[in-house]
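S.K.: Take a look at the following structure, please.
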Amino acid sequence: MFKNFHRALLITVLPLAAGSAYAQGPAPTLTKEAKEGSAKIYFERCAGCHGVLRKGATGKGLEPEASEKLGQQRLEKILSDGTEGGMPNFDDILSKDEIKNLATYLRMTPDVPPEWGMKDMKASWKVHIPVDKRPTKKMNTINTNNVFSVTLRDSGEVALIDGDTKKIWGIVKTGYAVHISRLSYSGRYVYVIGRDGRLDMIDLWYEKPTTVATIKIGLDARSVDTSKFKGFEDKYAVVGSYWPPQYAVLDGYTLEPLKIVSTRSIGVDGEYHPEPRVASIVSSQIKPEWVINVKETGLIKLVDYSDIKNLKETTIESAKFLHDGGWDASKRYFLVAANASNKIAVVDTKEGKLAALIDTKPIPHPGRGANFVHPKFGPVWATSHLKADVITLIGTDPEKNKANAWKVVQELKMHGSGSLFVKTHPKSSNLWADAALHPEPEVAESVTVYDIKNLDKGPEKINVAKMAGLPKTKALQRVVHGEYNEKGDEIWFSVWAGKTDPSAIVVIDDKTRKMKAVIKDPKMITPTGKFNVYNTQHDIY
Ligand code: DHE
């Protein structure tokens with residue numbers, strides 16, 4: 001696909017506006033190979049934060065005017081060394097020539113990739129096993145409720161790990177730099193989305209996990225969910241794409257594409273945006289509805305899927321740039337990070353309205369967040385932050401704890417910034433947070449854990465990477481994404497090392513906070529997100 005994508009990119013490349021106001025000196029040029037290579041690197045490494053059209057989101061805008069102001073040398077330095085503003089260094093991944101070419105590429109007019117409509121989706125759609133040829137009962141003895149679908153980021157695969165035995169049950173090929181897994185309402189099917197827009201549907205009823213359908217829903221994607229409301233269980237899947245900016249409704253059993261809806265529109269600032277990417281999607285259990293968060297416009301769409309021919313969307317204004325989020329414990333309210341605005345938006349899905357926009361410390365990044373009952377403030381939802389060393393607690397109970405509702409009731413100090421994910425479980429009294437993107441190894445290797453019944457006691461810092469006992473290499477061993485098992489008595493963390501280094505998953509006993517098992521395997525390349533079937537199916541976090 002990359003070949004085609006980049007061929008397509010090159011065909012649509014627009015010539016640089018020679019002599020434009022920003023041009024200084026001769027127009028930047030690259031050979032065909034260098035341009036193609038830089039386009040590929042930009043797509044793989046940069047577009048997620050800066051946008052395909054380089055208009056900026058979590059990362060700065062990199063349109064030629066802005067890039068030209070920085071100039072070739074400064075761009076090369078930023079790409080090599082990173083910045084204090086949170087841009088990572090690439091000198092350990094990219095060669096000097098690649099950095100030089102990429103800097104030049106950024107001074108050129110952005111490529112406009114092609115659209116991806118119904119014809120393209122249908123042409124890519126494959127039902128490997130038709131519904132009537134699939135098993136009518138479970139053909140394995142695995143407790144599939146406790147299976148974890150583990151992202152193997154750099155091999156473009158997921159590992160399905162039996163949570164009871166901690167053994168790899170199967171490894172399944174998926175899309176490029178595969179991102180997240182979500183479950184059908186029944187818990188039988190796992191839907192896995194790759195960054196290249198490839199969606200795979202894995203059936204857990206076979207003897208081994210088996211891909212039964214595949215489709216490519218766009219050129220760049222991050223999110224997928226399913227229909228969970230009574231009467232619609234397993235009926236639909238919905239996928240959001242970054243490019244083209246749109247979401248698609250698919251048949252939940254076959255992945256047949258049924259409807260595509262563009263998200264290009266005017267945003268909360270009253271300006272048209274050509275690339276409003278679909279960030280997180282969650283599925284309501286109180287209505288036939290998905291909550292679809294559009295990053296660049298700051299618009300939250302409540303999409304009523306009860307009649308997809310006459311689709312109804314409620315559009316809620318919040319703030320830019322929407323990213324990830326999750327339900328409160330009652331599953332009526334959805335809380336989402338407008339991360340570059342340093343805000344959490346709260347949607348009341350029962351009323352179909354914005355309930356609050358809450359200011360937080362810089363760059364909240366909750367994953368799906370964590371819900372628990374605070375001894376003093378009642379039910380709260382937690383997020384950690386990329387640019388602040390705190391876990392923010394927000395009151396979520398407007399009925400019985402009105403004074404605290406939609407307010408930051410507490411900020412718990414953690415061992416560092418650079419955090420991506422927080423986690424707890426209804427049966428646990430621990431609240432965990434990673435700091436995976438912190439530049440210092442000791443911080444990135446460790447997690448913070450609080451006893452939620454005794455928050456005054458302060459946190460414990462645990463170096464999880466050490467527990468894995470992996471050999472030290474040049475790459476950081478980033479500890480990322482806690483996920484509980486079905487019972488809620490173990491938490492699993494990934495130790496995410498380099499593509500060619502050994503990685504691992506560390507299983508921690510939640511009560512004792514001691515290491516219980518380390519899952520290692522040469523095939524387990526760069527594990528990151530882990531999705532326990534039962535918890536994901538029921539939105540338990
Ligand atoms: Fe993610 C969730 C986008 C980089 C691991 N990530 C999400 C969601 C979005 C998103 C929109 C919410 C999906 C949903 O709930 O429907 N992620 C992006 C990016 O745009 C970004 C910043 C850059 C990119 O180029 O992709 C990015 N993400 C990463 C990583 O580098 C991570 C750490 C490792 C990896 O595997 O790629 C990563 N993102 C995750 C994980 C989740 C996620 C594990 C799901 C968390 C959960 O508990 O649900």
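The values are calculated or read from the model by the stated rules, or taken from the named source; none is laboratory data. As the structure is a prediction and not an experimental result, all values here were calculated from the model. Cβ: placed from backbone, ideal geometry, glycine included. Neighbour counts: every protein chain shown. Just the protein is used for accessible areas: all its heavy atoms, side chains included, with ligands, DNA and RNA removed. Shrake-Rupley method; radii C 1.70, N 1.55, O 1.52, S 1.80 Å.
S.K.: Name the residue that is modelled with the highest pLDDT, counting only residues in the range 62-89 that are touching a Ser or Thr at 6+ places or on another chain (Cβ under 9 Å) and part of a loop (DSSP other than H, G, I, E, B).
M.R.: E63
S.K.: Sort out which residues of the range 104-134 are open to solvent by 70 Å² or more (accessible area, probe 1.4 Å) and of a type in the set (G, A, S), and write them in order of number.
M.R.: Scanning the range 104-134 gives a single hit, A123.
S.K.: Checking G231 against (1) in a loop (DSSP other than H, G, I, E, B); (2) closer than 22 Å to N146 by Cα, which test does it fail?
M.R.: In the conditions (1) in a loop (DSSP other than H, G, I, E, B); (2) closer than 22 Å to N146 by Cα, G231 misses (2) alone.
S.K.: For the range 286-297, does any single residue satisfy the condition of being in a strand (DSSP E or B), more than 14 Å from the ligand (Cβ to nearest atom) and either open to solvent by 50 Å² or more (accessible area, probe 1.4 Å) or under 30 Å from T136 (Cβ atoms) (or both)? Walk me through it before giving the result.
M.R.: Just the residues of the range 286-297 that are in a strand (DSSP E or B), to begin with: 289-294.
Still in the running and more than 14 Å from the ligand (Cβ to nearest atom): 289.
Now restrict to residues that are either open to solvent by 50 Å² or more (accessible area, probe 1.4 Å) or under 30 Å from T136 (Cβ atoms) (or both): none.
Looking through the range 286-297, none of the residues is in a strand (DSSP E or B), more than 14 Å from the ligand (Cβ to nearest atom) and either open to solvent by 50 Å² or more (accessible area, probe 1.4 Å) or under 30 Å from T136 (Cβ atoms) (or both).
S.K.: Output the number of residues of the range 173-187 satisfying the condition of being crowded, with 19+ Cβ neighbours inside 10 Å and within 11 Å of L204 (Cβ to Cβ).
M.R.: Adding up the residues that qualify gives 2.
S.K.: Take the residues in the range 315-334 that are among the hydrophobic types (A, V, I, L, M, F, W, C) and more than 12 Å from the ligand (Cβ to nearest atom); name whichever of them is surrounded by the most Cβ atoms within 10 Å (Cβ to Cβ). Break it down into steps so the answer makes sense when it comes.
M.R.: Within the range 315-334, the subset among the hydrophobic types (A, V, I, L, M, F, W, C) is 316, 319, 321-322, 327, 329, 334.
Those left that are additionally more than 12 Å from the ligand (Cβ to nearest atom): 316, 319, 329.
Values: I316: 21, A319: 23, A329: 19.
It comes out as A319.
S.K.: Out of (1) without any contact (Cβ under 8 Å) to a residue 60 or more places away in the chain; (2) more than 16 Å from the ligand (Cβ to nearest atom); (3) among the polar types (S, T, N, Q), the odd one out for S341 is which?
M.R.: So S341 meets the others, but not (2).
S.K.: Could you check how many residues of the range 107-151 are in contact (Cβ under 8 Å) with a residue 60 or more places away in the chain, in a helix (DSSP H, G or I) and hydrophobic (A, V, I, L, M, F, W, C)?
M.R.: 3
S.K.: Has the range 107-117 got at least one residue that is away from the ligand (no atom under 16 Å from the Cβ), over 28 Å from L386 (Cα atoms) and hydroxyl-bearing (S, T, Y)?
M.R.: yes
S.K.: Looking only at the range 487-541, count every residue that is among the β-branched types (V, I, T), open to solvent by 30 Å² or more (accessible area, probe 1.4 Å) and more than 16 Å from the ligand (Cβ to nearest atom) and tell me the total. Quick ask: steps written out before the conclusion?
M.R.: Within the range 487-541, the subset among the β-branched types (V, I, T) is 491, 495, 500, 505-508, 512, 518-519, 525-526, 528, 533, 536, 540.
From what's left, open to solvent by 30 Å² or more (accessible area, probe 1.4 Å): 500, 512, 518, 525, 540.
Going one step further and asking which of them are more than 16 Å from the ligand (Cβ to nearest atom), we end up with 500, 512, 518.
Looking only at that region, the number is 3.
S.K.: On the basis of being touching a residue at least 12 places away in the same chain (Cβ under 8 Å), farther than 24 Å from R368 by Cα and in a strand (DSSP E or B), does V261 make the cut?
M.R.: Numbers: touching a residue at least 12 places away in the same chain (Cβ under 8 Å): yes; farther than 24 Å from R368 by Cα: yes; in a strand (DSSP E or B): yes.
Criteria met by V261.
S.K.: Here's another thing I want to ask about it. Looking at P439, P471 in this structure, which one is open to solvent by 50 Å² or more (accessible area, probe 1.4 Å) and within 16 Å of the ligand (Cβ to nearest atom)? Quick ask: steps written out before the conclusion?
M.R.: On the way: P471 fails: within 16 Å of the ligand (Cβ to nearest atom).
When all the criteria are applied, what remains is P439.
S.K.: Among the listed residues D162, D220, D203, D251, which satisfies the condition of being touching a strand residue (DSSP E or B) at 6+ places or on another chain (Cβ under 7 Å), more than 14 Å from the ligand (Cβ to nearest atom) and open to solvent by less than 10 Å² (accessible area, probe 1.4 Å)? Quick ask: steps written out before the conclusion?
M.R.: Values: D162 fails: open to solvent by less than 10 Å² (accessible area, probe 1.4 Å); D220 fails: more than 14 Å from the ligand (Cβ to nearest atom); D251 fails: open to solvent by less than 10 Å² (accessible area, probe 1.4 Å).
Step by step, each of D162, D220, D203, D251 is checked, and only D203 is touching a strand residue (DSSP E or B) at 6+ places or on another chain (Cβ under 7 Å), more than 14 Å from the ligand (Cβ to nearest atom) and open to solvent by less than 10 Å² (accessible area, probe 1.4 Å).
S.K.: Also: Exactly one condition in (1) under 22 Å from E486 (Cα atoms); (2) touching a residue at least 60 places away in the same chain (Cβ under 8 Å); (3) part of a strand (DSSP E or B) is false for I202; which is it?
M.R.: The single condition I202 does not satisfy is (2).
S.K.: Considering V449, V422, V373, V380, which residue is within 25 Å of T58 (Cβ to Cβ) and β-branched (V, I, T)? Let's see the steps before the verdict.
M.R.: Working: V449 fails: within 25 Å of T58 (Cβ to Cβ); V373 fails: within 25 Å of T58 (Cβ to Cβ); V380 fails: within 25 Å of T58 (Cβ to Cβ).
Testing whether each residue is within 25 Å of T58 (Cβ to Cβ) and β-branched (V, I, T) leaves just V422.
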